[in-house]
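Accompanying notes for the structure given below.
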Ligand code: ADP
Ligand code: UDP
């Protein structure tokens, strides 16, 4: 499948039209960014690692009954996906405290939560992705009540599948962000699931193996992503 015109270039991926109007090509670039685009860098191999990692996770989720946009790996850096009408909403689940919840609630990093939390953010870099709730979504018409219920249900279903998958590889799934869109009238998981959009710690040492290595200047960013991929059995050439 040939990719045609570029439709959108985001901070880490570019989106192209394909021969099929209902399918897109996602190109995973080596670019990385943090703090809503304030800190950026190019990290060799990251695009390839994330493309293959994402394909593995999306296929795992699809097999577990979570509808995803993923269709096929096209090359090292490209995947074919369903063209979704994306909702401007980020769904975040946390199992362990880290990142913004520590700043917002003044809690220490690394607390195991009694039950996972579910949070909603508006996808808007200029506003630094403000936290919202289901009333804002309803009031501004960003999604219907049924869609919010479905996104929440799917986001927790992802937690059940991936917590176990990562635990079997000696990893803690600390938190993650998901984006959904509409396809033929139903809610489908879009975007990506990679160490760029989740936190993963080694279960024994709690070493960070995700994008916090970039955010916090810890080094060996792509090496950490590759370690996670290797532990899961993701093929990287
Ligand atoms: P950002 O836009 O946050 O900088 P990326 O660099 O990852 O992020 O860009 C990818 C863009 O593609 C995002 O805006 C995302 O919402 C969008 N996207 C991801 N999957 C799909 C899809 N299946 N259909 C349409 N758009 C998608
Ligand atoms: N996240 C993301 N994109 C965003 C915001 C958050 O992928 O625009 C992910 C982030 O990597 C982490 C989870 O969502 O795994 C929770 O992020 P948090 O709210 O703690 O914000 P952060 O401090 O990471 O900016």
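Would you pick out the residues in the range 75-94 that are over 15 Å from residue 120 (Cα atoms) and crowded, with 18+ Cβ neighbours inside 10 Å? Result: 77, 78, 79, 80, 81, 82, 83, 84. Residue check: residue 70 meets all listed conditions (1) surrounded by fewer than 18 Cβ atoms within 10 Å (Cβ to Cβ); (2) away from ligand 2 (no atom under 16 Å from the Cβ); (3) within 18 Å of residue 177 (Cα to Cα) but one, namely (1).
Here is the figure for the range 34-52: residues that are out of contact with any strand residue (DSSP E or B) (no Cβ under 9 Å at 6 or more places or on another chain) and surrounded by 12 or more Cβ atoms within 10 Å (Cβ to Cβ) total 2. Scanning the range 188-209 for residues that are part of a loop (DSSP other than H, G, I, E, B) and free of Cβ contacts under 8 Å to residues at least 24 places away in the same chain yields 197, 205, 207.
Filtering the range 1-31 to residues that are free of Cβ contacts under 8 Å to residues at least 60 places away in the same chain, assigned to a loop (DSSP other than H, G, I, E, B) and over 27 Å from residue 214 (Cα atoms) leaves 2, 19, 20. Is it true that some residue in the range 198-220 is under 14 Å from the mean Cα position of the chain (by Cα), away from ligand 1 (no atom under 16 Å from the Cβ), under 19 Å from residue 67 (Cβ atoms) and crowded, with 19+ Cβ neighbours inside 10 Å? No, there is no match, as no residue in the range 198-220 is under 14 Å from the mean Cα position of the chain (by Cα), away from ligand 1 (no atom under 16 Å from the Cβ), under 19 Å from residue 67 (Cβ atoms) and crowded, with 19+ Cβ neighbours inside 10 Å. Name the single residue that is surrounded by the fewest Cβ atoms within 10 Å (Cβ to Cβ) among those in the range 56-66 being assigned to a helix (DSSP H, G or I) and in contact (Cβ under 8 Å) with a residue 60 or more places away in the chain. Across the range 56-66, the extreme among qualifying residues is 60. Tallying residues that are closer than 23 Å to residue 183 by Cα and assigned to a loop (DSSP other than H, G, I, E, B) within the range 98-132 yields 2. Which residues, taken from the range 133-148, are touching a helix residue (DSSP H, G or I) at 6+ places or on another chain (Cβ under 9 Å), surrounded by fewer than 17 Cβ atoms within 10 Å (Cβ to Cβ) and in a helix (DSSP H, G or I)? Correct list: 134, 138, 145.
Read-outs: derived from the displayed coordinates by stated rules, not from any lab. Just so we're clear, the structure is a prediction, and the values are computed from it rather than from any experiment. Don't worry about glycine lacking a Cβ; one is built from the backbone with ideal geometry, like all the others, and counts go over all protein chains shown.
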